[in-house]
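Just so you know, all these numbers are worked out from the coordinates, no wet-lab data involved. Treat the numbers as computed from the prediction; the structure is a model and nothing was measured. Note: ideal-geometry Cβ built from the backbone for every residue, glycine included; neighbour counts use all protein chains shown.
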């Protein structure tokens, strides 16, 4: 699929489900968000760019701590929902800009902090995102990055990305930890911190967030319930008392990378 088609699919998916992402516990809360804020060394003089802001949770958390936040997202409907959420919390120092993570509409060296949380697995050209994030980060500034990651073992990588794609066609690929380290270092960043988190997905909520229902939901449930034992064990597939799918466990990472 061409990049423009993928991005159109992302816009359609997130326009349709924008409210789900603002209210989603897994996006609104979590150890990863708390760590990002605590590690940011945010200060009043700083400017922040939040790439693919989604429901605006990172922008909302950092707004009281910094001078200004720019919330960037490809999907106008998503930005509208994020703006209502953030402004409803009383934050007036956040600007909302429609833009592409792979073609960021700002000059070089514009921001002290650049953030991106739970979004990069939707980007068709991840290397372009990394280059653009680096370009707009000021020297001495940091990228604060969070995303779901695939296992390092190829078969488990394919399984995880397969179920994510089956649930949400706008999913492109979750990368592995070592791939992210390599890409960011090659881009010019120095990776200072990597923290891994177990990430539990409640199956009903996971499907609801992507508006997956009916036969498609049943097919995905069966794929997880009847997966090979290695995959069931790795992803900690848990069943309900009635034999349905209750939950499974993935992984996410927080990466802090310095622009030298």
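Mind checking the full-extension length gain between residue 230 and residue 249? Use 0.36 nm per residue of separation minus the Cα-Cα distance, one decimal, nm.
Working: separation 19, 0.36 × 19 = 6.84 nm, distance 1.34 nm.
Length difference between fully extended and current span is 5.5 nm.
Which value in Å is the Kirkwood Rh of the chain over different Cα pairs? Numbers along the way, then the final one.
Values: mean 1/r = 0.0534 Å⁻¹.
For the chain, inverting the mean 1/r across all distinct Cα pairs yields 18.7 Å.
If each of residue 109 and residue 80 carries a label point 7 Å out from its Cα toward its Cβ, how far apart are those two points in nm?
My value for the distance between the label points is 3.9 nm.
Just to confirm the number: angle between the C-alpha axis of helix 214-225 and the first principal axis of the chain, 0 to 90 degrees, nearest 10?
80 degrees
Rank the residues 79, 35 as a footprinting-exposure proxy: fewest other Cβ atoms within 10 Å of their Cβ go first.
Starting with the residue having the fewest Cβ neighbours, the order is 35, 79.
Let a ≥ b ≥ c be the square roots of the eigenvalues of the Cα gyration tensor of segment 73-195; is it rounded (a/c under 1.5), or, if not, prolate (a/b larger than b/c) or oblate? Spell out each step's value before the answer.
Values: a/c = 2.04, a/b = 1.25, b/c = 1.63.
Verdict is oblate for segment 73-195.
What is the helix-to-structure angle for 154-167, meaning the angle in degrees between its Cα long axis and the longest Cα principal axis of the chain, kept from 0 to 90 and rounded to the nearest 10?
That helix lies at roughly 90 degrees to the long axis.
Using label points projected 7 Å from each Cα along Cα→Cβ, tell me how many nm separate residue 68 and residue 44, to one decimal.
About 1.7 nm separates the two model spin labels.
Taking the Cβ of each residue in 167, 158 as the centre, tally the other Cβ atoms inside 10 Å and list the residues starting with the fewest. The partial results should precede the final answer.
On the way: 167 19, 158 13.
Listed from fewest to most nearby Cβ atoms, that is 158, 167.
Report, to the nearest 10°, how far helix 3-16 tilts away from the longest principal axis of the Cα atoms in the chain, using its own Cα long axis and a range of 0 to 90°.
Its long axis makes an angle of about 80 degrees.
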